[in-house]
């Protein structure tokens, strides 16, 4: 498996380098002129390689995260506690946010009361998570100073 991954990484690296050389050789002005006419054939192969690499990285991250989660009971327990705490914060934020009587328009469409509540809940959740992050950093700094 390791040998196959090295080969795939090498092939994608060589392809990326080749496409980069092709882009640099064309020059910015010519690429911009071609793009204005709808021709993006110079840049597209590089973007495809980037998408393939992104997909592979995400796949491997997910595989190894789930593998680690299910092989270690303590890790699974801590993950579930974290997810539960996050869901609790979202629930508190939703319950704290109320609909707004002000009609908001987006592209000419008036936002419903439910949409306004969800936006408010997102903002309240952001504030709660931000406060928790700041408190954690302050607590960690104080703890380091004491030690």
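Mean residue ellipticity at 222 nm from the helices of the chain, using -39,500 (n - 2.57) per DSSP H segment of n ≥ 4 over the full residue count, to the nearest 500 deg cm²/dmol?
Value at 222 nm, helices only: -29000 deg cm²/dmol.
Given a cut-off of under 8 Å on Cα pairs at least six residues apart, what relative contact order in percent is computed for the range 29-123?
Details: 39 pairs, mean separation 17.3, N = 95.
Taking the mean separation of contacting Cα pairs over the length of the range 29-123, I get 18 percent.
Hey, could you pull the Cα Rg and Dmax for the range 1-42, both in Å?
For the range 1-42, the Cα radius of gyration and maximum Cα-Cα distance read 14.7, 44 Å.
Out of all Cα-Cα pairs in the range 73-146, roughly what percent, to the nearest whole number, are more than 14 Å apart?
Considering the range 73-146, 71 percent of its Cα-Cα pairs are separated by more than 14 Å.
Using only Cα atoms, find the angle between the long axis of helix 2-26 and the longest principal axis of the chain, and express it within 0 to 90 degrees, rounded to the nearest 10.
So the inclination is approximately 70 degrees.
Please give the helix 113-146 orientation as an angle from the longest Cα principal axis of the chain, in degrees from 0 to 90, rounded to the nearest 10.
90
Report the per residue volume, in Å³, of the convex hull enclosing the C-alpha atoms of the chain.
Working: hull volume 39.9 nm³, N = 147.
Measuring per residue, one finds 271 Å³ for the Cα hull of the chain.
Please report, in cubic angstrom per residue, the volume enclosed by the convex hull of the alpha-carbon atoms of the range 102-143.
Details: hull volume 2.5 nm³, N = 42.
In the range 102-143, the Cα hull volume divided by residue count equals 60 Å³.
Any idea what angle helix 73-96 forms with the longest principal axis of the chain, computed on alpha-carbon atoms, 0 to 90 degrees, nearest 10?
With rounding to tens, the tilt is 70 degrees.
Quick note: the coordinates plus some simple rules give every number you see, no bench work behind them. Computed from a predicted structure; not experimentally measured.
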